[in-house]
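Scroll down for the structure; my scribbles are underneath it.
The values are calculated or read from the model by the stated rules, or taken from the named source; none is laboratory data. This one's a predicted model, so the numbers in the text were calculated from it and none came from an experiment. FYI the Cβ positions are ideal-geometry reconstructions off the backbone, even for glycines, and counts take in every protein chain you see. Accessible surface areas use protein heavy atoms only, side chains included; no ligands, DNA or RNA. Shrake-Rupley method; radii C 1.70, N 1.55, O 1.52, S 1.80 Å.
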Amino acid sequence: MGKTSRLAGAVLGVVALAGSLAACGGDSLEKEKGGTGAAGGSGDKGSLVIGAAAFTESKVLAELYSQLLADAGYTTSVTTVKNRELYEPALEKGEIDIIPEYAATLAEFLNAKVNGAKAPEEKPVASSDVEATVGALTQLAEPLGLKVLPAGKAVDQNAFAVSAEFAEKNKLTTLSDLGRAKIKVKIAAGDECEVRPFCAPGLKKTYGIDVAGIDPKGVGTPQSKQAVKDGEDQLVLTTTTDATLESFGLVLLEDDKKLQNADNILPVVNAKDAGDKAVADVLAKLTEVLSTEDLTELNRKVDAERAKPQDAARDYLRSKGLIGA
């Protein structure tokens with residue numbers, strides 16, 4: 001997905017090793033061209049700027065928010081910002097009104113911002129408990145002028161996949177199954193997997209998995225997935241919304257003991273400019289229906305079928321009856 005780490009910079013060593021959501025460098029707000037990058041909606045209820053990070057999933061989520069709010073009578077635009085270090089301060093200042101976020105990752109980002117770079121490691125606030133994680137996030141966000149809206153069931157977090165053939169041969173559906181199988185596995189991931197608590201150390205401690213080594217081909221990269229497909233490696237670190245697993249003949253193993261933190265998707269808004277109940281009620285319609293599977297399919301449409309994020313978002317919202325035809 002072209003992302004390095006959700007917690008770039010100060011918090012790089014702590015939470016999400018997932019190359020998942022992330023911060024890709026850059027130093028200015030960039031208006032998206034076309035789609036809802038230009039203002040959309042009637043404007044009867046005011047104007048809102050929705051932020052997106054520079055990767056597919058965030059752009060799709062921003063389009064979903066934008067089009068839903070435009071349909072409800074707001075003038076909306078989507079602004080792509082390279083990373084969290086840039087868009088979070090912009091959200092505080094009101095340059096951005098709304099951003100799609102990930103509960104655990106943002107909680108630890110703000111933990112580091114408020115309590116120091118070592119806080120996520122020494123006193124983490126995120127866990128696999130979504131309610132507790134959102135509660136901690138809310139406490140950190142409110143003094144910064146941010147309002148955290150409820151989290152949905154859609155989640156994008158670290159995940160581990162094996163080849164379908166390997167899973168069938170060894171009767172694997174969960175990470176616990178892999179631990180019980182006592183098979184030596186080499187993990188295709190970033191080299192940091194060796195020390196990150198949610199990768200090799202966590203797999204050993206939580207599941208008893210016999211990690212024989214790390215093949216540093218990257219997080220969820222085609223090279224990593226190909227290595228597992230070819231049998232060079234047995235396990236690949238990717239994310240729960242990876243839309244290309246099937247094309248490599250790979251399947252996810254369930255994180256049945258909840259090693260990973262609760263990176264459920266939720267809207268975060270500037271409390272002053274977008275904190276009213278009307279905005280929350282509109283966005284809740286999406287939060288209540290969007291699933292991890294839906295998000296994976298939206299990613300697939302954009303990444304594999306080359307659909308534009310705004311088109312994929314529009315088709316999805318129409319299919320769920322959330323906007324008019």
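Can you go through 62, 104, 53 and tell me which one is modelled with pLDDT under 95, within 16 Å of the chain's Cα centre (by Cα), crowded, with 22+ Cβ neighbours inside 10 Å and among the aliphatic types (A, V, I, L, M)? After applying the criteria, what remains is 53.
Looking at this structure, is residue 5 buried (at least 18 other Cβ atoms within 10 Å of the Cβ), at pLDDT below 95, of a type in the set (Gly, Ala, Ser) and over 16 Å from residue 280 (Cα atoms)? Answer is yes for this residue.
Remark: residue 198 matches the filter, which requires a residue to be open to solvent by 30 Å² or more (accessible area, probe 1.4 Å) and either within 23 Å of residue 105 (Cα to Cα) or out of contact with any strand residue (DSSP E or B) (no Cβ under 7 Å at 6 or more places or on another chain) (or both). Of the residues making up the range 239-246, none is outside any loop (DSSP other than H, G, I, E, B), open to solvent by 10 Å² or more (accessible area, probe 1.4 Å), touching a strand residue (DSSP E or B) at 6+ places or on another chain (Cβ under 9 Å) and among the aliphatic types (A, V, I, L, M).
Pick out the one residue from 142, 165 that is open to solvent by 20 Å² or more (accessible area, probe 1.4 Å) and farther than 26 Å from residue 54 by Cα.
Among 142, 165, only 165 is open to solvent by 20 Å² or more (accessible area, probe 1.4 Å) and farther than 26 Å from residue 54 by Cα.
Say we look at the range 264-302 and pick out the residues that are over 30 Å from residue 231 (Cα atoms) and charged (D, E, K, R); which of these is surrounded by the fewest Cβ atoms within 10 Å (Cβ to Cβ)? Among those residues, the one meeting the criterion is 277. Just one of (1) of a type in the set (A, V, I, L, M, F, W, C); (2) touching a Lys or Arg at 6+ places or on another chain (Cβ under 6 Å); (3) surrounded by fewer than 16 Cβ atoms within 10 Å (Cβ to Cβ) fails for residue 188. It is (3). Determine, yes or no, whether residue 323 is more than 19 Å from the chain's Cα centre (by Cα) and among the aliphatic types (A, V, I, L, M). It is true that residue 323 is more than 19 Å from the chain's Cα centre (by Cα) and among the aliphatic types (A, V, I, L, M).
Filtering the range 168-177 to residues that are over 17 Å from residue 232 (Cα atoms) and either crowded, with 21+ Cβ neighbours inside 10 Å or touching a Leu at 6+ places or on another chain (Cβ under 8 Å) (or both) leaves 172, 173, 174, 175, 177.
Run down 278, 227 and say which single residue is out of contact with any Ser or Thr (no Cβ under 7 Å at 6 or more places or on another chain), farther than 22 Å from residue 164 by Cβ and modelled with pLDDT of 95 or more. I'd like the intermediate steps shown before the answer.
Values: 227 fails: farther than 22 Å from residue 164 by Cβ.
Testing whether each residue is out of contact with any Ser or Thr (no Cβ under 7 Å at 6 or more places or on another chain), farther than 22 Å from residue 164 by Cβ and modelled with pLDDT of 95 or more leaves just 278.
Look at (1) within 22 Å of residue 170 (Cα to Cα); (2) out of contact with any Asp or Glu (no Cβ under 9 Å at 6 or more places or on another chain); (3) open to solvent by less than 60 Å² (accessible area, probe 1.4 Å) and you find that residue 224 fails only one, number (2).
All conditions but one from (1) surrounded by 16 or more Cβ atoms within 10 Å (Cβ to Cβ); (2) closer than 21 Å to residue 102 by Cα; (3) in contact with a Ser or Thr (Cβ under 6 Å, 6 or more places away or on another chain); (4) modelled with pLDDT of 95 or more apply to residue 157; the one that does not is (4). Picking from residues in the range 115-139 that are among the polar types (S, T, N, Q) and over 23 Å from residue 58 (Cα atoms), the one that is most open to solvent (accessible area, probe 1.4 Å) is 139. List pairs: first residue in the range 94-107 and without any contact (Cβ under 8 Å) to a residue 60 or more places away in the chain and farther than 19 Å from residue 45 by Cβ, second residue among the hydroxyl-bearing types (Ser, Thr, Tyr) and crowded, with 24+ Cβ neighbours inside 10 Å anywhere in the structure, Cβ distance under 6 angstrom, at least six positions apart or on different chains. What qualifies is 107/133.
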